[in-house]
Each structure stands twice: as C-alpha cells, then as structure tokens.
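S.K.: Okay, handing you the structure first.
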Amino acid sequence: MTILKQKRHMELSEIKRMIINLLLVLKECHSRHIIHRDIKPQNIIVDTNMRPKLIDFGLAILTNECNESSIFKRCGTMGYMAPEVINSEKYNKPYSAKCDIFSLGIICHLLLLGSNPLKGKSYESTRALNQ
C-alpha cells in the first residue's frame, strides 16, 4: 500500500522513522550510482511494519562517477521534480542524484503538513522554479 493510501493518522515518530528510512534507501541507490528520478507517493509502498520501499525504477538511470553530472532528459512527475530537472533541457544544464533529495523533501512536506508545496501540473506552470 502506498504511504498516502493508508488513510490513517501517522505519529510524528512514525513520520520521522519513515523519512530516515527513505533517506537510507536513497543513500543506497546513490552509492550504486542509481538516480530514481520519479520519487512520489505512488512510488513508495510500506510493509506491515511501516517500512517504506521505493518502487517503479522505470525512469531510473545508472550513472558512474565520470558522467554523474551528464545532461539527462527531463522526466518525472510534476509537483515532485527538482528545478534542475525541469530546466535541464531548456538551459542545457546537467543534474545529478541530488534531484532525488529534492523530491524526497516534497514527500517530507506532504507527510508532515498534508499538502504539496508545488502545485504545478505542467512544465509551464512551474515557471517560478525556472527563474
């Protein structure tokens, strides 16, 4: 079940544990030079002990130390994409695994406050991020 479909109140200690576990998952992915690029609530499931699992690596890429800052295609889900991903093609600028950390920050905001701070539904509606 995804983290938002639980339909139950989560204690702050549970949210803290979930965020820490998600950071550990990303640390492992990034240590193996994997950038997920589509971290969103639908791609995080929890087991019966509320341990999060990152799923759907369909947009993930495998990098290496030489090309970690390569220019990759813009991809992901609006409302969870880092500004450098949104701008990557337009300004021909690279992005790295740090884009996953931005997406996880949006998830943290969602878990703690119940809303997404970014309301963009298209690339153009996120123009404020592009500045």
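The values are calculated or read from the model by the stated rules, or taken from the named source; none is laboratory data. Quick caveat: nothing in here was measured; it's all calculated off a predicted structure. For neighbour counting, all protein chains shown are included, and Cβ atoms are generated from backbone atoms with ideal geometry for every residue, glycine included.
S.K.: Among Ser125, Ser115, Ser70, which is the only one that is at pLDDT below 75, surrounded by fewer than 16 Cβ atoms within 10 Å (Cβ to Cβ) and not in a helix (DSSP H, G or I)? I'd like the intermediate steps shown before the answer.
M.R.: Working: Ser125 fails: not in a helix (DSSP H, G or I); Ser115 fails: at pLDDT below 75.
Unique residue meeting the criteria: Ser70.
S.K.: Of the residues in region 40-61, how many are touching a strand residue (DSSP E or B) at 6+ places or on another chain (Cβ under 7 Å) and closer than 19 Å to Tyr95 by Cβ?
M.R.: 4
S.K.: Can I ask one more? Taking the condition at pLDDT 85 or above, assigned to a loop (DSSP other than H, G, I, E, B), surrounded by fewer than 16 Cβ atoms within 10 Å (Cβ to Cβ) and not aliphatic (A, V, I, L, M), does Gly58 pass?
M.R.: Values: at pLDDT 85 or above: yes; assigned to a loop (DSSP other than H, G, I, E, B): yes; surrounded by fewer than 16 Cβ atoms within 10 Å (Cβ to Cβ): yes; not aliphatic (A, V, I, L, M): yes.
In short, yes.
S.K.: Could you please tell me which pairs satisfy a Cβ distance under 8 Å, a separation of 6+ or placement on different chains, a first residue in region 77-106 that is in a loop (DSSP other than H, G, I, E, B), and a second residue that is hydroxyl-bearing (Ser, Thr, Tyr) and at pLDDT 85 or above?
M.R.: Tyr80/Ser103; Met81/Ser103; Ala82/Ser103
S.K.: When you check Ile39 against the structure, is it in contact (Cβ under 8 Å) with a residue 24 or more places away in the chain, part of a strand (DSSP E or B) and within 16 Å of the chain's Cα centre (by Cα), yes or no?
M.R.: Considered against the rule, which asks whether it is in contact (Cβ under 8 Å) with a residue 24 or more places away in the chain, part of a strand (DSSP E or B) and within 16 Å of the chain's Cα centre (by Cα), Ile39 comes out as no.
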